[in-house]
Amino acid sequence: MYGYSGKILHIDLAERKTRVETKPEAWYKTYIGGVSMASRLCWENIESGCDPLSPGNVISIAGGLFAGTPVPVGGKYGMASKSPLTTFIGDSLSGSWFAVALKRTGWDGIVIHGVSDEWVQVFIDDDKVEFRDASHLLGLTTTETEETLREEFGDDQVRSATIGPAGENLVRIANVSNDGRKAGRTGQGAVWGSKKLKALSIRGTRGVQVADPDALLQMSYDILQAAQGPHTQKYRILGTSSNVLNMNRLGLLPTRNYQSGVFDDAELVSGEYLHEHYKAKTIACAQCPIACEQVGQVKEGPFSPAMGHIEYESLYALSSNCGVSNMEASIKAIANCNELGTDTMSTGVTISWAMECYEKGVFTEEDFKCEKYPDGFEANFGDGEAMVTLTEMIAHREGYMGDLLAEGTKRASAKVDEERDTETYKWAMNIKGLETPGYDARALKTFALGLAAGVRGGCHNRTAAYDPDIKGWVDRFSVDETRGALAKSTEEYAAVYDTLPLCKFIRRCFTGKADREGAWPAIAKLINATTGWEFDYDDVDLIGERAHTIKKAFNIREGWTREDDHLPWRWQHEPMETGPSAGHVVTDEELEYLKDIYYEAKGWTEEGLIPKEKLVALGMDDVAEEIGV
Amino acid sequence: MHVQVEFLGVSRLATGLKEVALDLEKGTTFRDIVHMLATRYPTLIGDVVQANGETLQAPNILNLNGKRMIQENQMDEGPSDGDRIIFMSMSAGG
């Protein structure tokens, strides 16, 4: 078999034992890699109904089909577990040399079981697996941990994925870091912490055998050349943070916990402003010729020194959505999240919820007591120092507020509402427990469906249904019968990239067109040159449907019902008062209609369950037996 | 007819401007406006406007008043007096 070894490594942290599982080629043709394979490994190895922070959960890591090959932007891997934030499937992607090292070990995937008695780091050195003491790493930031391990191993070819203090403290919005990149969302870091796993280091010294190296090299060269042109210019020069001004002009920039879609000071927290005043450098993921990541640096003043990896989703969450117009505070807050190991999006949205609670009298200064401010502090929107301090309190679960916000908005609001007889859940911006992204969906009706139905929760990357709305292919302010099929199409399109995985920023570089017709034939050729298979357009398209289906199946087994496909209360009941998107909400009637036509487009039942014949047709017979109807 | 043109993202870097005011004859199309601006600011050619000087380079797109994206097949329509035209380059992800 080309492109794969056929072997999955299982690691038991409790017993400190390993075993090797072999998989047939048909299994790889169905699940490929990335989020699909990682989710499938969760399906096979997680005890249904388990507490996500208990030994019954697993960490599954799936390699990329193109990692370690010349294919541009293929240096990515997928990670999944049962999310401690959503209690459904939690899947994340990250691009880094960790993915390449994993591929070179010959393991197609890794499944980590059980809970270690003591804090541990695991070192995979090709076939060998070592369990090493990690006590000296506790409390270190993500960068400090990676640097310490690099010194200890004395070999730059050893690549490590680590958690920061937030993961150690079981913060439910904690992430996993590698080469400065993050497997960011759904709380993977807390799962690592629950297993007392501080770091996973990998050294792979083997090559990757592909079926047609000459063809793969030529195609990779052509894509690389295209990636230097106008198709990726916006990413290379400004990165995704250029979206701040776009979203603001569309009236969709989350502002003061989504109370508005227009931020008066958007210019001051824009990608353009970052580029002019704070940009230190751009960096690239492994195998990437685009280098989109903008690194912002604060050299002087109260928030110095700070260096943060600035993406749009981090920036909206920790600037406009907290009402903060001080770019230096935003860079510092993002840097804190990066170093302490929390998801910038969930962190920012959770802080903005706390700020709204403070401004509306639910919280007082005393609720914000911490070591730095023993009497507490005011937490008004726009207060950069309060925002920065809260990023630190969350990671350390410091004080009442740090411990509360470490749970994310869903649990924090439920706790406060029970304790104080309030209704702060109305301001808790999450879907299935995962905090919402940087696009206000009240005036993006297709995207609202994509988010509500999203198997991962409130995530833009897994649905991509903002595309037809924002690009004007449909009327974003209204609902019609096309949206169910559109939401299906966009989520499965995204799932193809997330499964291979390839960074979506390359999508125009195959033929100049980003749609299926432009990309799928080229991707089929890449797959075939790597594996020797004979994939065609339809086979590529099925990758996305299968990836989405295995995640949905996992959720159904965990007790998902139609009611779980919801939107935040605010998006359904509070129209924005100003800007181009003012006056809109997604009504109950609209949402239920959208869910109806989406389930129909997916070939599911009215209750959103999957018929057995549908699963069998996708080659998922064993899944059909367990959850098919 | 008076319209305001705003540059965001790559178009702002290319022109060095945040916005310009244009006085246009009635019937001026969006395509005419792109051509006019590409002539006035040749640095738009390449990353923002294609070599023909009148077609936007994907994924650049014009937005009208924050509400409507002008599709390629709508470029022969035109703005109204007082409209705001925004050069956007939409990015996904992050």
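Here is the list for segment A:461-566: chymotrypsin sites (Phe, Trp or Tyr not before Pro) lying in DSSP coil, each with at most 14 other C-beta atoms within 10 angstrom of its C-beta, are A:W473. Inter-chain neighbour count for B:63-76: the average number of beta-carbon atoms from partner chains within 10 Å of each residue's beta-carbon is 3. Averaged over the residues of peptide B:2-11, the number of Cβ atoms from other protein chains lying within 10 Å of each residue's Cβ is 4.
Averaged across the residues of A:245-252, what count of C-beta atoms belonging to other chains lies within 10 Å of each residue's C-beta? Don't skip to the answer; put the middle values down first.
Details: counts 8, 10, 2, 2, 9, 7, 2, 1.
For peptide A:245-252, the averaged partner shielding equals 5.
In the distance distribution for segment A:7-203, Cα-Cα pairs more than 26 Å apart total 21 percent.
May I ask you to derive the relative contact order of chain A, considering only C-alpha pairs under 8 Å and at least 6 residues apart, and to give it as an integer percent?
14 percent
Relative contact order for segment A:527-629: 20 percent, from Cα pairs under 8 Å spaced at least 6 residues apart, divided by residue count.
Quote the FRET efficiency, to the nearest 0.05, computed for B:V20 versus A:Y537 with a Förster distance R0 of 41 Å and r equal to the Cβ-Cβ distance.
Numbers: r = 44 Å, r/R0 = 1.08.
Once rounded, the FRET efficiency stands at 0.40.
In terms of other Cβ atoms within 10 Å, A:I527, B:I85 run from fewest to most in the order B:I85, A:I527. How would you classify chain B from its alpha-carbon gyration tensor, with a ≥ b ≥ c the square roots of the eigenvalues: rounded for a/c under 1.5, else prolate if a/b is greater than b/c, otherwise oblate? Judged from the Cα gyration tensor, chain B comes out rounded (a/c under 1.5). Taking each residue as 0.36 nm, the span from A:R19 to A:E418 lengthens on full extension beyond its C-alpha to C-alpha distance by 139.0 nm.
With Cβ to Cβ distances under 14 Å as the rule, what net charge do the other residues near A:R476 carry (K, R +1; D, E -1)? Walk me through the numbers before you get to the answer.
Working: positive: A:R249, A:R442, A:K445, A:K471, A:R483, B:K67, B:R68; negative: A:D440, A:D467, A:D469, A:D475, A:D480, A:E590.
Once positives and negatives cancel, what remains is +1.
Under a Gaussian network description of chain B, with springs only between Cα atoms under 10 Å, the residue in B:L37, B:L17, B:L62 that fluctuates furthest is B:L17.
Shown here for segment A:492-568: GluC sites (Glu not before Pro) in loop regions (DSSP other than H, G, I, E, B) with at most 16 other Cβ atoms within 10 Å, namely A:E534.
Compute the distance from the alpha-carbon center of segment B:14-54 to that of segment A:192-254, in whole Å. Each part's Cα centre sits 32 Å from the other's.
Hey, fewest Cβ within 10 Å first, where do A:R16, A:R185, A:R420 land in order?
Numbers: A:R16 15, A:R185 29, A:R420 12.
So the ranking, lowest neighbour count to highest, is A:R420, A:R16, A:R185.
Rounded, prolate or oblate: which fits segment A:323-392, taking a ≥ b ≥ c as square roots of the Cα gyration tensor eigenvalues, rounded meaning a/c under 1.5, else prolate when a/b beats b/c? Can you show the working numbers first?
Values: a/c = 1.70, a/b = 1.43, b/c = 1.19.
Prolate, because a/c is 1.5 or more and a/b exceeds b/c.
Here each label is just a point 7 Å from Cα along the line to Cβ, and for B:N52 and A:Q157 those points are 5.2 nm apart.
For segment A:21-94, a simple Cβ point-charge model (Lys and Arg +1, Asp and Glu -1, everything else neutral) yields a dipole of about 220 debye relative to the Cα centre. Once you order the gyration tensor axes a ≥ b ≥ c over the Cα atoms, which shape class does the protein assembly as shown get: rounded for a/c under 1.5, otherwise prolate or oblate by comparing a/b with b/c? Rounded shape, in that the Cα axes give a/c under 1.5.
Applied to segment A:153-163, the Karplus parametrisation 6.51 cos²θ - 1.76 cosθ + 1.60 on θ = phi - 60° returns per-residue 3J(HN,Hα) values of 7, x, 8, 5, 7, 7, 10, 10, 10, 9, 10 Hz, with x for Gly and Pro.
FRET efficiency for A:A211 and A:W569, Cβ-Cβ distance as r, R0 = 45 Å, nearest 0.05?
Numbers: r = 52 Å, r/R0 = 1.16.
According to the calculation, E is roughly 0.30.
Taking θ as phi - 60° and the Karplus parameters 6.51, -1.76 and 1.60, the scalar couplings of segment A:536-542 work out to 10, 3, 5, 5, 5, 4, 5 Hz in sequence order, x denoting glycine and proline.
Test of understanding: what is the full-extension gain from A:E606 to A:Y373, defined as 0.36 nm times their sequence separation minus their Cα-Cα distance? Before the final figure, lay out each step's value.
Values: separation 233, 0.36 × 233 = 83.88 nm, distance 5.28 nm.
Full extension of this stretch gives 78.6 nm more.
For segment A:401-515, would you read off the P(r) tail past 16 Å as a percentage of all alpha carbon pairs?
Working: 4250 of 6555 pairs.
Looking at segment A:401-515, the distances longer than 16 Å represent 65 percent of pairs.
To the nearest 0.05, what FRET efficiency results for A:D588 and A:Y400 with a Förster distance of 25 Å applied to their C-beta separation? Provide the component values of the computation, followed by the final result.
Values: r = 35 Å, r/R0 = 1.40.
That pair, A:D588 with A:Y400, gives E of 0.10.
Please report the net charge: other residues with Cβ closer than 14 Å to the Cβ of B:Y41, K and R +1, D and E -1. List each step's numbers first, then the result.
Numbers: positive: B:R12, B:K18, B:R40; negative: B:E6, B:E19, B:D47, B:E54.
With Lys, Arg at +1 and Asp, Glu at -1, the neighbours total -1.
In the protein assembly as shown, the DSSP beta bridges split such that about 80 percent are antiparallel, to the nearest 5. Among B:R84, B:R12, B:R40, which one moves the most in a GNM of chain B with springs linking Cα atoms closer than 10 Å? Evaluated over chain B, the most mobile residue of the options is B:R40. Per-residue Cβ neighbour counts within 10 Å put A:I46, A:I202 in the sequence A:I46, A:I202, beginning with the fewest.
Model label sites at A:A280 and A:D515, defined 7 Å from Cα along the beta-carbon direction, differ in position by 4.3 nm.
Beta-bridge orientation, segment B:2-89: approximately 75 percent antiparallel, per DSSP, counting only bridges with both partners inside.
What's the extension gain from A:D480 to A:T148 if we count 0.36 nm per residue and subtract their Cα-Cα distance? Walk me through the numbers before you get to the answer.
Details: separation 332, 0.36 × 332 = 119.52 nm, distance 5.53 nm.
Difference between extended and current length: 114.0 nm.
Since every read-out is calculated from the coordinates, none of them should be taken as a lab result. Please read these numbers as outputs of a predicted model, since none were measured by experiment. Cβ coordinates were reconstructed from backbone atoms using ideal geometry, including for glycine residues, and neighbour counts include every protein chain displayed.
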